[in-house]
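Down below is the structure, laid out as structure tokens.
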Amino acid sequence: MMHYLSMRYLKLAAIAAAGALFWASHVPAQQATDAVEPEAGLTFTAKNPAYASKYMVVTANPLASQAGLEILKKGGSAADALVAVQTVLGLVEPQSSGIGGGAFLVFYDAASGKLTTIDGRETAPAGISTDIFIGEDGKPLKFFDAVVGGRSVGVPGTVRLMDKIHKRHGKLAWDGLFGDATRLAEDGFAVSARLAGLIERDQKRLFSQPTTRAYFFDDGGKPLKQGDLLKNIDYAEAMRSIAQSGADAFYTGAVADAIVNAVQLHATNPGALTAKDLAAYKAKEREPVCVDYRDHQVCGMGPPSSGALTIGQILGMIEPFDLAKLGPDNPVTWRILGDATRLAFADRGRYMADSDFVKMPAGLLNKDYLASRSSMLIRQNALTRDEVKPGEPHWEKAELRLDGTDIELPSTSHFVIVDADGNIASMTSSIENGFGARLMASGFLLNNQLTDFSFVSAKNGEAVANRVEPGKRPRSSMSPTIILKDGKPAFALGSPGGSNIIPYVMKTIVAMIDWKMNPQEAVSLPHLTNRFGRYDVEQGTAAESLIPELEAMGFEVSARALNSGLHAVRFAPYGLSGGADPRREGVALGE
């Protein structure tokens, strides 16, 4: 049974037209939609769950979902479909992700039953200065003064990640995976309502840069509108080059030259990225971070992502509480989840960063440590600001640390792919802020991921873990997740949303495991997030009804837009069920 909050949310989002979806191996499962627009640039779409018996693709754009589905129909693997999905997303949803950015992948190999995580996060150029985000006055730059231009661009990692997973788990030829992206770029695609709204909202910054002005505005200087046909010949040429010559065609040659020129030759805000930085980039395989929650094992990406560690801390702190009995409509539930998130974020801000560069406490996920933190939640009222501070987990060798001042804003995309053999790709990719650095090269936007580093590196002899260093990968909140039960896949999920990704994904895990919601109910549940003391509740949803009680508990509460892009798949003996976030234009497709 759907709970009150999720029922109210779906009504507010305009419930889809009725129509039964059913299990059938020969009929594609597609979600019915009926969109309304509560605010400029954002499309809220009520959706029904999708079902399939063989394979499924859930992405943030119907064209990307269809591209992935076609690869699976041809007998392709999840790794093959991943390439097609990401290259189409980078074209039709350019503000969120693309080959000019980075990604994290959690991959389940059905044959071996093993999980692999691949780090395709951007790296800082070798010649970068540690005070790159400090102005002439000695103070940190304003965020967009750092973002717009070449200064903020890190070495993109997505193409190396795609290459690495395809070489290991691909079934189809590499050069056959770029067809949809190439065709859509050359023939054109219709600008979606969401893309048109976001162009309009960011038009001042986009118009200020020659390449984005030429691409996102018409001949009269007006922002593109919904339904306008958008072609990208440069992107089509880049796709052909990468298809024919492999990932090296991105990291060397004409595409690489275009990236370097865009970064280094920016008129007012040049960056340090060089051809050597691109040629040297490597996507890294890392050990997954797994934690036990109830009778499940929740697995995700380790550092430089803070996602799995922070979600693991939260789950460890909330496990002693009977959230199933409390339910999603109870303000006590949200007091527990909110304060557990605040405690985990306090540890995150002080200790977590790229583990290739900084040591972290060994005891961040220690059960006794989390139990001691959890004991702080056994109370009636919210924790005070003074009570929420980093804990003292076990170190192998302690280091002095200063809390960072990084700013992580959302422009990201998540997708889940399950192939006919049972392999799973759960991948989150990003260019950081909406439209990244507002620079284009070879038809794609470049990231501004270097602004995910702390703008301040040290103070009074204490170092910030997430400080800027040459070759380092900035800390991320991206949280691609695969959940196992008895060693078999149970769920796969993830979301965009900046540092809110962590509470978005955590809440969805609780919804599916504790509250027994199906994926569509879980991703549609209204958001309530508390990372740093203020409780944000999703504006225009039933979550606003909890504000008086949360305030009575001592929380500062604000109703605001919380725009996730959650996508999830559930695995059951009878097949797959998928859910796509009603806040975006995504869709789940399968057979």
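The values are calculated or read from the model by the stated rules, or taken from the named source; none is laboratory data. Since the model is a prediction, treat every value here as computed from it, not as a measurement. Here the Cβ positions follow ideal geometry from the backbone for every residue, glycine too, while neighbour counts run over all protein chains shown. Heads up: the accessible areas ignore ligands, DNA and RNA and are worked out on the full protein's heavy atoms, side chains in. Shrake-Rupley method; radii C 1.70, N 1.55, O 1.52, S 1.80 Å.
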Item to check | FRET E, pair LYS282, LYS516, Förster distance 56 Å, beta-carbon r, rounded to 0.05 | outcome: 0.85
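Considering only the range 517-591, what is the antiparallel percent among its DSSP beta bridges, to the nearest 5?
So the antiparallel bridges amount to about 60 percent of the total.
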Next on the checklist: On a 30 Å Cα-Cα criterion, which of the cross-link pairs LYS54/LYS231; LYS171/LYS488; LYS282/LYS389 come out too long?
Outcome noted: LYS54/LYS231; LYS282/LYS389
Checklist entry - Which order do ARG201, ARG168 take when ranked by solvent-accessible area (1.4 Å probe, heavy atoms of all protein chains), largest first? => result ARG201, ARG168
Checklist outcome for this item: Residue separation between GLU136 and ASP292 times 0.36 nm, minus their alpha-carbon distance, gives in nm 51.3 nm
Next on the checklist: Please report, in whole Å³, the volume per residue of the convex hull around the C-alpha atoms of the chain.
Outcome noted: 139
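Compute the Cα gyration tensor for the range 205-263, then decide on rounded, prolate or oblate, letting a ≥ b ≥ c be the square roots of its eigenvalues: rounded whenever a/c is under 1.5, prolate when a/b is larger than b/c in the other cases, and oblate in all that remain.
Note, shape of the range 205-263 comes out oblate.
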Item to check | Under the span-like rule (Cα at least 15 Å along the axis, Kyte-Doolittle mean at least -0.5), DSSP H helices of the chain | outcome: 62-73, 78-92, 233-245, 253-264, 307-318, 331-351, 501-513
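Where does the chain land at 222 nm, in deg cm²/dmol rounded to the nearest 500, when only DSSP H runs of n ≥ 4 count, each adding -39500 (n - 2.57), divided by all residues?
-9000 deg cm²/dmol
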Checklist outcome for this item: For ARG379, the net charge from surrounding residues (Cβ-Cβ under 14 Å; K, R +1; D, E -1) works out to +1
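Would you mind calculating the gained length between ASN330 and ASP356 on full extension (0.36 nm times residue separation, minus the Cα-Cα distance), in nm to one decimal?
Taking ASN330 through ASP356 to full extension adds about 5.2 nm, to one decimal.
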Checklist entry - Two-decimal Rg/Rh of the range 336-489 from alpha-carbon positions, Kirkwood Rh? => result 1.02
Item to check | Modelled label reach - ALA126, point 7 Å along Cα→Cβ, the range 225-268 residues with backbone N closer than 20 Å | outcome: 248-265
Checklist outcome for this item: Neighbours of MET512 by Cβ distance under 12 Å: Lys/Arg at +1, Asp/Glu at -1, summed charge +3
Checklist outcome for this item: Mean separation of Cα contacts under 8 Å (at least 6 apart) over the residue count of the chain, i.e. the relative contact order in percent, is 25
Next on the checklist: Taking the alpha-carbon distance from LYS507 and a cut-off under 20 Å, which lysines remain once sequence neighbours fewer than 8 residues away in the same chain are dropped?
Outcome noted: LYS47, LYS325, LYS485, LYS516
Checklist entry - For LYS142, which lysines qualify as cross-link partners when the Cα separation must be under 20 Å and same-chain residues fewer than eight apart are set aside? => result LYS204, LYS459
Next on the checklist: Starting from 0.36 nm per residue, how many nanometres of slack lie between ALA254 and SER112 once their C-alpha separation is accounted for?
Outcome noted: 47.2 nm
Checklist entry - Expressed in whole Å with the largest first, what are the equivalent ellipsoid semi-axes of the range 64-118 derived from the C-alpha gyration tensor as the square root of 5 times each eigenvalue? => result 22, 16, 6
